[in-house]
């Protein structure tokens, strides 16, 4: 699931949320296709959460925003008017 955190000042942060099961499925598919990525997986602005579902993912993001950790975990993409 792709997400945006947009602050009141227009600063934007993006990320993609995956569950552990989804990462495992991606790696299995890549391995079956003979891709070297079947032995590892990475994503620049990826966040892996334990539990599936929008509500649990939103709870994780809310916690990251409340603690300020979203600035480390997510990718800064600039002010909203930079589109």
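The values are calculated or read from the model by the stated rules, or taken from the named source; none is laboratory data. As the structure is a prediction and not an experimental result, all values here were calculated from the model. Neighbour counts are summed over all protein chains in view; Cβ atoms, including those assigned to glycine, are modelled from backbone coordinates with ideal geometry.
Evaluation of residue 8 against the conditions (1) loosely packed, with under 15 Cβ neighbours inside 10 Å; (2) more than 30 Å from residue 78 (Cβ to Cβ) shows that the sole unmet condition is (2). Run residue 68 past the list (1) at positive phi; (2) surrounded by 11 or more Cβ atoms within 10 Å (Cβ to Cβ) and report the number of the one that doesn't hold. So the condition that residue 68 fails would be (2). Here residue 1 meets each of (1) at pLDDT 90 or above; (2) surrounded by 13 or more Cβ atoms within 10 Å (Cβ to Cβ); (3) within 23 Å of residue 51 (Cα to Cα) with one exception, condition (1). All conditions in (1) surrounded by fewer than 12 Cβ atoms within 10 Å (Cβ to Cβ); (2) at pLDDT 95 or above hold for residue 33, with the sole exception of (2). Residues that are within 10 Å of residue 3 (Cβ to Cβ) and touching a helix residue (DSSP H, G or I) at 6+ places or on another chain (Cβ under 8 Å) within region 52-61 comprise just one, 61.
Considering region 40-51, and only residues there that are over 20 Å from residue 77 (Cα atoms) and out of contact with any helix residue (DSSP H, G or I) (no Cβ under 7 Å at 6 or more places or on another chain), the residue that is modelled with the lowest pLDDT turns out to be 40. Residues in region 34-83 that are within 18 Å of residue 14 (Cβ to Cβ) and in a loop (DSSP other than H, G, I, E, B) were compared, and the one that is farthest from the chain's Cα centre (by Cα) is 83.
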